[in-house]
Amino acid sequence: MTTMRILRFLGISAACVCWLQASTHNAPAQSTTTTNVAIEGQEESQSKSTNSTANATAAEIDELIRGGARDDDATQLINNALAASSDAVRWRAARAAGLLRLSNPEIVAKLQRGAADSNWIVQVHSISALAQSGDASDGTVDTLTNAALSSNRRVQAAAISALRNLKVEPMKIADTLSKVLAKGDDAVTIHAVEVIVDAGAKATPILQACLKEPNAASWALVAISQIGPEAAGATPELAAFLESCGDADAIPQALMALAAIGPAAESAEAGIAKALERWKEDQSVQLSGIYALGRIGASNSEKALDARANSDDAFVAMAASWALAKTDPGNEQLTTTAIQRLVAGMESENPNMRHAAAHGLATLEMPSGMAAPYLIEAAKDPRAREHVVSALASLGDEVIPHAKKALANPDTRELAVEVLSRMGSQAADAADALVSCLDTAKPSLRVQINQVLAGFGPQAATAMEELVAQLDSSNAHVRQSAMHALREIGPTAKPASDALLKHMESIDADSLEGRFEQLAAAWTLARIASRDQAIIDVILPKIRDGLASASELERLESVTATADLSEAGTPLHKTLSEMAKSDPSAAVRDAAAELHQED
C-alpha cells in the first residue's frame with residue numbers, strides 16, 4: 001500500500017497531507033472500506049433448507065426480537081437454540097442474545113463456542129453478541145483473539161471490532177494485533193489500527209515491535225500518525241526505521257509520523273536531516289521531511305532548511321520558509337518571509353499547495369494581525385481571493401480562532417465572513433464573534449453575516465436578540481436576511497414572535513417589496529411559532545395569499561411554510577392538492593405534491 005493510499009484511507013488531516021500530495025508515488029486507488037457483513041442472502045438461503053421444527057424455532061426467535069422480551073422463558077429459548085443443529089437457528093439465537101445483551105455465564109459460554117462455529121454467519125453473530133454482552137473475561141478475550149486470526153475476513157473484522165468495543169488492554173492482545181498488521185489485509189487491518197489508536201501511549205510496545213517487522217511497519221506508522229505525541233516512546237524505533245528503510249513510499253509516511261509526535265520527537269532530528277539528503281530528488285520526502293523539522297522544532301537543521309528555502313521548487317521553498325519560522329519563532333524576518341510565501345502559496349494553481357499554505361499560516365506563531373496586510377493584498381485579485389477563501393475554509397476548526405481575530409479587524413472582516421460562510425455550520429463557534437460585528441458593519445456586510453448565521457441553524461440561537469434588533473433597519477435586505485436567520489434557527493427563536501408579528505403588521509404590502517417582506521415574516525413565524533394558535537390565525541391568510549402569488553419563489557416558500565405549520569396548515573392542503581396538479585412551476589408542483597402525499 002503506498003503512502004498516500006494509507007493516509008487517505010485513515011483520514012489523516014488533509015491540511016497536513018498536502019505537504020506530501022504534490023508528487024507522491026501514487027498507485028491506483030483501492031477501496032479500503034470495511035467489508036460489510038453482507039449475509040442477508042445467505043441467511044435466507046440457509047433458512048429455506050432447515051426443517052419445519054427449525055423453521056418454527058427461528059420464527060419464534062424472530063418474534064422474540066421484535067417484542068424485545070427478556071424474561072426467563074425468552075432467555076431459555078435462546079440458550080437452547082444456541083446449541084441447535086440448524087445453522088439458521090443458531091445464528092438467529094446468537095443475534096437475539098446480542099440484541100438483548102444477554103450476559104449470563106451459560107449463554108456467554110455458548111457464544112464463545114459459536115465464535116468458532118463451522119458456519120461463518122454463526123461466528124459473526126456470536127462474536128457480535130459477545131461484544132454486546134460486555135463480557136471481557138479471559139475466556140472471551142481468548143475466543144476473540146483466535147477469531148481475529150481467522151481465514152475469513154468478516155470473522156476477523158468482527159472479532160477485532162469486538163475486542164475494541166470491550167476495551168481489552170492492548171498488551172493482552174499484542175501478539176494478535178501484530179499478526180493482523182503483518183497480514184496487510186486493508187479491510188481487516190483498519191480495525192486493528194483503531195484498537196491501537198484507542199490505546200494511545202499504552203500501545204507503544206506494540207508499535208515498537210511492529211516497526212521492526214517489514215509487513216507491519218507501514219500500519220504502525222499510520223497508527224502513530226493518529227496517536228500523535230502519546231506515541232513519543234516509539235521515536236527511537238521510528239528513527240531506526242527511517243535510516244534502514246529503502247522504500248520511497250514509506251519514507252514520507254515515517255516522516256509524517258514523527259511530525260505527528262511533534263517536539264517530543266526532537267531526538268530524531270538528525271535522522272530526518274539524513275533522509276532529506278538521501279532523497280534529494282523526491283519532492284514528497286522533501287515536503288514531509290521539512291514539515292517534520294518544523295513540527296518538532298528542530299534546532300540544528302538551519303543549514304538544510306536554508307538551502308531548501310532557496311529551492312527552485314516553490315512548494316519546497318514555501319515549506320522550508322515555514323519550518324525556519326517555526327524553529328525560530330521570535331525571528332521577525334523569518335516570520336515575515338514565511339507569511340509572504342504562504343500567502344503567495346494560497347494563490348497557487350496547485351490545490352495541494354494552497355491547502356498546505358493555509359495550514360502553514362494557521363500553525364505559524366506570529367503577532368496578531370501580522371498576516372493581514374498580505375492576505376488583504378492577495379485577496380484584491382478576485383481569482384486569488386477565491387483560492388485564499390477556499391484554502392482557509394478547508395482547515396475547518398483549525399481556522400476558527402484566526403477567523404475570530406480577523407473579524408475584530410475592520411480590514412480583514414469581510415474576508416473572515418467569506419471564509420466562515422464557506423464553512424457553513426462547521427463554523428458555528430464563531431457566531432458570537434459575528435454578532436459583535438453587526439453594529440458597526442455596513443448594510444451589505446450585515447446581510448452577509450445574517451446569511452452566515454442562517455447557515456448555523458439552531459446553533460445561532462445566541463444571535464436572536466441582535467437579529468430581532470435588525471427588523472428596525474432602514475435597509476430591506478438587512479431586515480429580510482435577519483428574518484431568514486431567525487427562520488433557520490427554528491422553534492428556539494420563538495421569543496422573537498411578538499417582534500416579528502408587530503413587524504409584519506406594520507409593513508405596507510401595496511408594493512412588491514412590501515408584499516415579499518410581509519410574507520417573509522409570515523414564513524418565519526410559521527417555522528418558529530407553529531403551535532401558537534393566535535399567531536397561526538394571523539399568518540394563515542398571508543400564506544394562503546403567498547400560495548396564489550405570481551412569484552414562483554413566493555409560492556415555493558409558502559408551500560414550505562405550510563409544511564412547517566404541520567397540522568395547523570391543514571386548511572391550506574386543498575390548495576396544495578390543486579397546485580400539485582396545475583402550478584406552472586415544476587418545482588412548486590413537486591413540493592406541493594410531496595406535502596400532499598405526506599398528508
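One table, with the values for the structure above:
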| quantity | calculated |
| --- | --- |
| Residue in the stretch 91-107 that is modelled with pLDDT under 75 and assigned to a helix (DSSP H, G or I) present | no |
| Checklist (1) under 30 Å from the mean Cα position of the chain (by Cα); (2) farther than 22 Å from K326 by Cα applied to E230, failing item | (2) |
| Qualifying residue in the stretch 290-307 (condition: open to solvent by 50 Å² or more (accessible area, probe 1.4 Å), assigned to a loop (DSSP other than H, G, I, E, B) and under 17 Å from A259 (Cα atoms)) | yes |
| Pair list, Cβ under 7 Å, 6 or more apart: the stretch 135-156 residue more than 17 Å from K110 (Cα to Cα), other residue surrounded by fewer than 22 Cβ atoms within 10 Å (Cβ to Cβ) and of a type in the set (A, V, I, L, M) | R153/A187; R154/V37 |
| Residues satisfying the stated conditions in the stretch 99-115, i.e. crowded, with 20+ Cβ neighbours inside 10 Å and closer than 17 Å to S161 by Cβ | L111, Q112, G114, A115 |
| Condition broken by S118, with the remaining ones in (1) over 21 Å from A84 (Cβ atoms); (2) surrounded by fewer than 20 Cβ atoms within 10 Å (Cβ to Cβ) satisfied | (1) |
| Qualifying residue in the stretch 362-379 (condition: modelled with pLDDT of 85 or more and crowded, with 20+ Cβ neighbours inside 10 Å) | no |
| Unique residue being among the acidic types (D, E), out of contact with any Phe, Trp or Tyr (no Cβ under 9 Å at 6 or more places or on another chain) and outside any helix (DSSP H, G or I) when the list is E266, E281 | E281 |
| S436 vs. criteria open to solvent by 50 Å² or more (accessible area, probe 1.4 Å), under 24 Å from M370 (Cβ atoms) and touching a His at 6+ places or on another chain (Cβ under 7 Å) | no |
| Qualifying residues in the stretch 154-176 (those that are assigned to a helix (DSSP H, G or I) and basic (K, R)) - the one surrounded by the fewest Cβ atoms within 10 Å (Cβ to Cβ) | K172 |
| Inter-residue pairs, beta-carbon under 8 Å, first part of a helix (DSSP H, G or I) and of a type in the set (V, I, T) and in the stretch 337-352, second at pLDDT below 90 and open to solvent by 50 Å² or more (accessible area, probe 1.4 Å), 6+ apart | I339/M366; I339/Y374; V343/Y374; V343/E377 |
| Residues of the stretch 408-452 that turn out to be among the basic types (K, R) and within 18 Å of L392 (Cα to Cα), as a count | 2 |
| Residue check for R531: over 21 Å from E465 (Cα atoms), in contact (Cβ under 8 Å) with a residue 12 or more places away in the chain and not in a helix (DSSP H, G or I) | yes |
| Residue that is nearest to G457 (Cα to Cα) [pool: residues in the stretch 405-421 that are modelled with pLDDT under 90 and among the charged types (D, E, K, R)] | K405 |
| Residue match in the stretch 254-266 (condition: closer than 19 Å to M366 by Cβ, surrounded by 21 or more Cβ atoms within 10 Å (Cβ to Cβ) and without any contact (Cβ under 8 Å) to a residue 60 or more places away in the chain) | no |
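Yes/no per residue for (1) of a type in the set (A, V, I, L, M, F, W, C); (2) touching a Cys at 6+ places or on another chain (Cβ under 8 Å); (3) in a helix (DSSP H, G or I); (4) surrounded by 17 or more Cβ atoms within 10 Å (Cβ to Cβ):
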position	(1), (2), (3), (4)
G514	no, no, yes, no
R527	no, no, yes, yes
G546	no, no, yes, yes
E554	no, no, yes, yes
S558	no, no, yes, yes
A561	yes, no, yes, yes
G569	no, no, yes, yes
L572	yes, no, yes, yes
A580	yes, no, yes, yes
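The values are calculated or read from the model by the stated rules, or taken from the named source; none is laboratory data. Treat the numbers as computed from the prediction; the structure is a model and nothing was measured. Positions of Cβ are backbone-derived with ideal geometry, glycine not excepted, and every protein chain shown enters the neighbour counts. Surface areas here come from the heavy atoms of the whole protein model, side chains and all, with no ligands, DNA or RNA. Shrake-Rupley method; radii C 1.70, N 1.55, O 1.52, S 1.80 Å.
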